[in-house]
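Let me begin by presenting the structure, written as structure tokens, before commenting on it.
The values are calculated or read from the model by the stated rules, or taken from the named source; none is laboratory data. If you're wondering where the values come from, they're calculated on a predicted model, not measured in any experiment. Note that we place each Cβ from the backbone using ideal geometry, even for glycine, and neighbour counts take in every protein chain shown.
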Amino acid sequence: MDGRGGDTVPDPGPRPLRADAQRNRDRLLAAAVRAFFNDGPDVTLDAIAKDAGVGIGTLYRHFPTREALIEAAYRNELTKLCDAAAELLRTLPPDEAMRAWMDHFVDYMTTKRGMADALRVVIASGGDPYAESRDRLIAAITMLLHAGAAAGSVRSDVEPVDVLASLGGVSLAAGAPAQRDQASRMLDLLMDGLRYRATSTR
């Protein structure tokens, strides 16, 4: 209450982290992805904190449980992928931005598969690390497709869900690090399809 007629003061939301705290959080998330990818869900939190260059107390201040750290690490990878769409469009022509984003997508899927055992720990505890993932990916792809169609470099009759399914197929067929050259060739073929008769379908 604010003392003036019983109105409720709006919740300002969580306070932004200080710059040093944000850097520590970012380092912890990056270290967690490496650890869960390479060593599985049973890697010690002490090892993650050491890799991040912070104390275990700092880790627990940001992530009170192992499950919270796993989920935050995965969601951070998803956020980086989705944010990359707008970032690439600021620096590249739309069709080139789309092709570059496809590479980011394959990297994301490789990380997601590497963290699969750790993510199952979160799901077993009642969490849902994949909540809204599909919607966010569709939104990023839609942004790229609309920019490409407006520029006349990408077909305007493409459904974002079809692009997402195609990218998932490429990642499934050639998502291992040793298959990266094959994945790149497959993505080039997909991109050729998106460019096919682009100008005439504007």
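Okay, residues lined up against (1) at pLDDT below 95; (2) closer than 17 Å to Thr111 by Cβ; (3) not in a loop (DSSP other than H, G, I, E, B); (4) not hydrophobic (A, V, I, L, M, F, W, C):
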{"position": "Met1", "(1), (2), (3), (4)": "yes, no, no, no"}
{"position": "Asp11", "(1), (2), (3), (4)": "yes, no, no, yes"}
{"position": "Leu17", "(1), (2), (3), (4)": "yes, no, no, no"}
{"position": "Arg25", "(1), (2), (3), (4)": "no, no, yes, yes"}
{"position": "Leu28", "(1), (2), (3), (4)": "no, yes, yes, no"}
{"position": "Phe37", "(1), (2), (3), (4)": "yes, yes, yes, no"}
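Does Ala49 qualify as being at pLDDT 95 or above and closer than 27 Å to Ala21 by Cα? Against the criterion (at pLDDT 95 or above and closer than 27 Å to Ala21 by Cα), Ala49 qualifies.
Out of all the residues in the stretch 97-108, is one or more within 30 Å of Ala49 (Cα to Cα), touching a residue at least 40 places away in the same chain (Cβ under 8 Å) and among the aliphatic types (A, V, I, L, M)? Checked the stretch 97-108: at least one residue is within 30 Å of Ala49 (Cα to Cα), touching a residue at least 40 places away in the same chain (Cβ under 8 Å) and among the aliphatic types (A, V, I, L, M).
From the list Val106, Val154, pick out the single residue that is part of a helix (DSSP H, G or I) and surrounded by 18 or more Cβ atoms within 10 Å (Cβ to Cβ). Steps first, answer last, please.
On the way: Val154 fails: part of a helix (DSSP H, G or I).
Result of the check over Val106, Val154: Val106.
Within the stretch 84-96, being part of a helix (DSSP H, G or I) and either within 17 Å of Leu145 (Cβ to Cβ) or in contact (Cβ under 8 Å) with a residue 12 or more places away in the chain (or both) holds for Ala84, Ala85, Ala86, Glu87, Leu88, Leu89, Arg90, Pro94, Asp95, Glu96.
Among the numbered conditions (1) under 21 Å from Ala198 (Cβ atoms); (2) in the same structural domain as Asn24 (by TED's automatic domain parsing); (3) basic (Lys, Arg), the only one that Lys50 does not meet is (1). Of the residues making up the stretch 67-85, those that are in contact with a Phe, Trp or Tyr (Cβ under 8 Å, 6 or more places away or on another chain) and within 13 Å of Tyr130 (Cα to Cα) number 5.
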